[in-house]
Structure formats: C-alpha cells, structure tokens
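What follows is calculated from the coordinates using simple rules that are stated; it is not laboratory data. Note that the structure is a prediction, hence the values are computed from the model and not measured. Positions of Cβ are backbone-derived with ideal geometry, glycine not excepted, and every protein chain shown enters the neighbour counts.
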Amino acid sequence: MKKRSINFGFLILGLLAFAFLPSCYYDNEEDLYPSPPACDTTNITYSATVWPIISESCTSCHSGSGAGGGVLLTNHAEVADACNNGRLLGAIRHESGYSPMPKAQAKMSDCDIKKIELWVADGTPDN
Ligand code: HEC
C-alpha cells in the first residue's frame, strides 16, 4: 500500500512535467521570435492609405522645382504616374536599376510597400 502511493506521486509529477514543459517551450519561442503585427490590407484607398504614406515619407523631397530626380509626388495624378511607369515601386522595393527610396533612409515597412502594390494592382484609383 505504501509503495503504491509513492509510485502514484511520481506519476503525478511526471504528468505535471509533461503538461508544463511544452508551454514553457512555446512561451520562450514567442519571446525570441515575436510574430510581426498583422498587415491590414483591407479597404485600401488613395486618400486613406497611399497618400498618408507618401506625404509622410516622400513629399518633402518630391515637391516644387527642386523635386528629387524631377519626380513630383504631391497629388494623385503625380503619384499614379510614378507608379504606372514602374519607377515608384522599383524605388521603394530597392530593386536594382532604381534609386532606392526614401533616399538615405530606412526602407519602408513590408506592410506599407504591400499596400502601395495592392493600390497599383487595383489600377491606381483616385478614391
Ligand atoms: C531625402 C530626399 C528624398 C526622399 C525622402 C525621397 N526621395 Fe525619391 N528621390 C530623391 C532624389 C534626390 C532622387 C533623384 C535620384 C537620386 O538622386 O537618387 C529621387 C528619385 C526618386 C525616384 C526615381 C527613381 C528612379 O531610379 O527612377 C522615385 C520613383 C522616387 N524618388 C520616389 C520616392 C518615394 C516613393 C519616396 C518615399 C517613399 C521618396 N522618393 C523619398 C530624393 C528623395
């Protein structure tokens, strides 16, 4: 009777160890490799999605007579032009053959690039 209760105690310990070890492992993995915040690509429009990104990161150098590379990015028609000739996407994706943009700054987030790509794929609507 006595021996049996000791074995039962070990059994419970063993089960607890199995129950907790995996959760420790997954907790650590999340700390080490946090998943990136989700990229919301629903309801993409020029006015609410694309223009805020361009005006924040690009228009300071791409307006007026001294616009970088002669590329103007101050309104829908100008942004759509730069997208439709392929230069804007080439530049923000840092593709070879294009000057990487935003110039001398960190590459834009994958999420912002994705949003602009989707707007271009949608036909650069003025919405
Ligand atoms: C600090 C100033 C600056 C910022 C910020 C900037 N640009 Fe530029 N951009 C330039 C200059 C200057 C050029 C001319 C080429 C060169 O000198 O690299 C240029 C060139 C370009 C070109 C033509 C590239 C080619 O190879 O044909 C595009 C398209 C462009 N920029 C888009 C953008 C976009 C989109 C942003 C925002 C994400 C941006 N730029 C931010 C200064 C800037």
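Looking at the square roots a ≥ b ≥ c of the eigenvalues of the Cα gyration tensor of region 48-87, which shape do they give, rounded for a/c under 1.5, prolate if a/b is larger than b/c, or oblate?
In terms of gyration-tensor shape, oblate.
Given just the C-alpha atoms of region 30-127, how large is their convex hull per residue in cubic angstrom?
Looking at region 30-127, the number lands at 117 Å³ per residue.
Just to check I understand the Karplus step: with θ = phi - 60° and J = 6.51 cos²θ - 1.76 cosθ + 1.60, what whole-Hz values come out for region 84-90, glycine and proline as x?
Karplus values, whole Hz, x for Gly and Pro: 5, 8, x, 6, 5, 5, x.
Just flag the GluC sites (Glu not before Pro) in region 65-126 sitting in loop per DSSP whose Cβ has no more than 13 other Cβ atoms within 10 Å.
On the way: sites: GLU78, GLU95, GLU117; in loops: GLU95.
For GluC sites (Glu not before Pro) across region 65-126 that sit outside H, G, I, E and B with at most 13 neighbouring Cβ atoms in 10 Å, the list reads GLU95.
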